[in-house]
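See structure below.
The values are calculated or read from the model by the stated rules, or taken from the named source; none is laboratory data. Since the structure is predicted, the reported quantities are computational estimates derived from the model, not experimental observations. Neighbour counts are summed over all protein chains in view; Cβ atoms, including those assigned to glycine, are modelled from backbone coordinates with ideal geometry. Note: areas computed on protein heavy atoms with side chains; ligands, DNA, RNA excluded. Shrake-Rupley method; radii C 1.70, N 1.55, O 1.52, S 1.80 Å.
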Amino acid sequence: LQLDDIYDYSIYLQADPKLIYQWFLARTLSFIRQSKDDPDSFYYPFSKLPISKVIPELEKTWRETNLANLLQNIQPTKEKADAIVVKGKGHQLEKIEFKDQ
């Protein structure tokens with residue numbers, strides 16, 4: 001069973017990988033800041049480290065997990081999408097492309 005068998009209409013959300021990385025970094029650093037008083041948080045141990053130790057770990061996670069997933073698993077689905085939503089800086093909608101049915 002593939003997604004094509006379940007859904008009638010698919011939407012691909014597209015953004016420049018550099019922007020996605022910036023969003024990932026900002027969001028994760030926010031989670032780390034918010035977790036500084038919550039020992040139960042996944043991010044708590046990172047909140048106790050200097051930023052000079054945290055950033056390389058986040059860059060590694062981005063490169064080896066998030067970017068790899070984007071390139072290997074997500075981007076190849078773009079060709080099957082019925083519509084492509086393109087987002088730019090600040091998550092602003094730049095355009096929507098509709099494919100002919």
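Numbers for the structure displayed
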quantity	calculated
Selected residue (criterion: farthest from residue 66 (Cα to Cα)) from residues of segment 5-47 that are among the acidic types (Asp, Glu) and surrounded by 10 or more Cβ atoms within 10 Å (Cβ to Cβ)	38
Some residue of segment 72-79 being surrounded by 13 or more Cβ atoms within 10 Å (Cβ to Cβ), out of contact with any Ser or Thr (no Cβ under 8 Å at 6 or more places or on another chain) and outside any strand (DSSP E or B)	yes
Residue that is most open to solvent (accessible area, probe 1.4 Å), among those in segment 48-71 that are hydrophobic (A, V, I, L, M, F, W, C) and closer than 22 Å to residue 17 by Cα	71
Selection count, segment 80-101, where residues are under 13 Å from residue 15 (Cβ atoms), open to solvent by 60 Å² or more (accessible area, probe 1.4 Å) and touching a Phe, Trp or Tyr at 6+ places or on another chain (Cβ under 9 Å)	1
Segment 11-66 - residue that is acidic (Asp, Glu) and assigned to a helix (DSSP H, G or I) and, of those, nearest to residue 99 (Cα to Cα)	64
Residues satisfying the stated conditions in segment 60-101, i.e. of a type in the set (Gly, Ala, Ser) and within 14 Å of the chain's Cα centre (by Cα)	68, 88, 90
